[in-house]
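*Asks:* Let me give you the structure first, and then I'll get to my questions.
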Amino acid sequence: MISGINHVTLAVSDLERSFVFYTAVVGLKPVAKWARGAYLVAGSDWICLSLDAHTRTGPLPEYTHLAFTVADADFEERAAAIRNQQARLWRENTSEGASLYFLDPDGHKLEIHAGGLQSRLAALRAHPYEGLVLYD
């Protein structure tokens with residue numbers, strides 16, 4: 001049985017640039033770094049940055065993205081840090097809770113979001129999507 005998401009690995013073209021972006025700008029905590037990679041922690045989850053010559057050169061046209069949780073009280077400070085680094089924004093927020101959608105230096109689509117699954121489900125109950133089915 002699957003008990004959770006173990007980790008997410010992101011291919012990066014410049015390890016040092018991405019390491020600084022994810023630690024200083026996004027706010028992840030570094031736990032290990034080596035010549036071709038790094039492990040960073042987001043709460044109890046971990047991210048691997050992996051140096052890869054085949055890394056994308058810009059964002060893909062689809063909606064797939066990685067969202068990081070941020071407390072309501074910390075949202076504006078973290079969003080300002082991201083904007084101050086002139087990270088490119090890729091979408092306007094249309095969902096419940098505060099969100100900022102931005103790109104990392106390699107074009108990976110990211111989001112910071114104040115809220116969680118329970119607040120999202122409450123919003124769905126109040127304003128259901130077409131064809132919505134909720135499971136216990």
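*Asks:* Do you know which residues across the stretch 54-90 are over 28 Å from Ser44 (Cβ atoms), among the polar types (S, T, N, Q) and touching a residue at least 12 places away in the same chain (Cβ under 8 Å)?
*Replies:* The answer is Thr57, and nothing else.
*Asks:* Additional query: So, in the stretch 39-55, exactly how many residues are surrounded by fewer than 16 Cβ atoms within 10 Å (Cβ to Cβ), β-branched (Val, Ile, Thr) and part of a loop (DSSP other than H, G, I, E, B)?
*Replies:* Here the count works out to 0.
*Asks:* Keeping to the stretch 56-86, report how many residues are in contact with a helix residue (DSSP H, G or I) (Cβ under 9 Å, 6 or more places away or on another chain) and β-branched (Val, Ile, Thr).
*Replies:* Count: 2.
*Asks:* If Ala87 satisfies every condition in (1) buried (at least 16 other Cβ atoms within 10 Å of the Cβ); (2) out of contact with any strand residue (DSSP E or B) (no Cβ under 9 Å at 6 or more places or on another chain); (3) of a type in the set (A, V, I, L, M, F, W, C) but one, which is the exception?
*Replies:* (2)
*Asks:* Of the conditions (1) free of Cβ contacts under 8 Å to residues at least 40 places away in the same chain; (2) in contact with a helix residue (DSSP H, G or I) (Cβ under 8 Å, 6 or more places away or on another chain), Ile47 fails just one. Which one is it?
*Replies:* (1)
*Asks:* Checking Ala98 against (1) over 26 Å from Tyr129 (Cβ atoms); (2) surrounded by 12 or more Cβ atoms within 10 Å (Cβ to Cβ), which test does it fail?
*Replies:* Among (1) over 26 Å from Tyr129 (Cβ atoms); (2) surrounded by 12 or more Cβ atoms within 10 Å (Cβ to Cβ), Ala98 violates only (1).
*Asks:* For the stretch 91-102, state whether one or more residues are under 24 Å from Val41 (Cβ atoms), out of contact with any helix residue (DSSP H, G or I) (no Cβ under 7 Å at 6 or more places or on another chain), among the β-branched types (Val, Ile, Thr) and assigned to a loop (DSSP other than H, G, I, E, B).
*Replies:* The answer is no; no qualifying residue exists.
*Asks:* Tally the residues that are part of a strand (DSSP E or B) and either among the aliphatic types (A, V, I, L, M) or over 30 Å from Glu16 (Cβ atoms) (or both), restricting the search to the stretch 70-90.
*Replies:* Residues meeting the conditions: 1.
*Asks:* Follow-up. Can you go through Gly107, Gly131 and tell me which one is over 25 Å from Asp14 (Cα atoms), at pLDDT 95 or above and either assigned to a strand (DSSP E or B) or of a type in the set (Gly, Ala, Ser) (or both)?
*Replies:* Numbers: Gly107 fails: over 25 Å from Asp14 (Cα atoms).
Criteria check complete, one pass: Gly131.
*Asks:* Search the stretch 1-38 for residues being small (Gly, Ala, Ser) and part of a strand (DSSP E or B), and hand back the single one that is nearest to the chain's Cα centre (by Cα). Spell out the reasoning first.
*Replies:* First, the residues of the stretch 1-38 that are small (Gly, Ala, Ser): 3-4, 11, 13, 18, 24, 27, 32, 35, 37-38.
Checking the rest, the ones that are also part of a strand (DSSP E or B) come to 11, 32, 37-38.
On the way: Ala11: 14, Ala32: 19, Gly37: 18, Ala38: 16 Å.
For the stretch 1-38, the residue satisfying everything is Ala11.
The values are calculated or read from the model by the stated rules, or taken from the named source; none is laboratory data. Quick caveat, the model's predicted, so the values are computed rather than measured. Here Cβ is always computed from backbone atoms with ideal geometry, including for glycine, and neighbour counts include all displayed protein chains.
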